[in-house]
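**Student:** There's a structure below that I have some questions on.
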Amino acid sequence: MSVISPSKKYVAEMIGTFVLVAMGCGCAVLAGKDFGDLTGTGTVGISLAFGLAVLVMVYALGWISGCHINPAVSISMVAAGRMSARDAFAYIAAQCVGAVLGATAL
């Protein structure tokens, strides 16, 4: 089994957070829009967008970085002793960059 480099883990976290913000928040932005006969996605659609974004990212990137895609998850991993504070800091930095890029894409 090959060891995954730390930089690949950080890029995976950045991409995962980008997708979560772009898809989840993008759906929330469009939820209130009126598209002729369609009245928007509503609460269920927004929930599904966030849930499916996380699901797809777990399957796509989970084997690389664990797919935290949320600073709260990274902090809880440190509290549980499953991750070093140094790695968590880098994960959180990558997640913040991904979130900003996702919001910028919107």
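Bear in mind that the values in this text are calculations on the coordinates, not laboratory data. From a predicted model like this one, the values you see are computed outputs, not experimental measurements. All Cβ positions, glycine included, derive from the backbone under ideal geometry; neighbour counts span all protein chains shown.
**Student:** Filter region 54-88 down to residues that are more than 12 Å from K9 (Cβ to Cβ) and either surrounded by fewer than 14 Cβ atoms within 10 Å (Cβ to Cβ) or touching a residue at least 60 places away in the same chain (Cβ under 8 Å) (or both), then give me how many there are.
**Tutor:** Adding up the residues that qualify gives 10.
**Student:** Next up: Quick one: count up the residues across region 89-102 that are of a type in the set (G, A, S), crowded, with 20+ Cβ neighbours inside 10 Å and within 15 Å of Y10 (Cβ to Cβ).
**Tutor:** First, pick out the residues of region 89-102 that are of a type in the set (G, A, S): 90, 93-94, 98-99, 102.
Filter once more, so that each one left must be crowded, with 20+ Cβ neighbours inside 10 Å: 94, 98-99, 102.
Filter once more, so that each one left must be within 15 Å of Y10 (Cβ to Cβ): 94, 98-99.
Residues that pass the stated criteria total 3.
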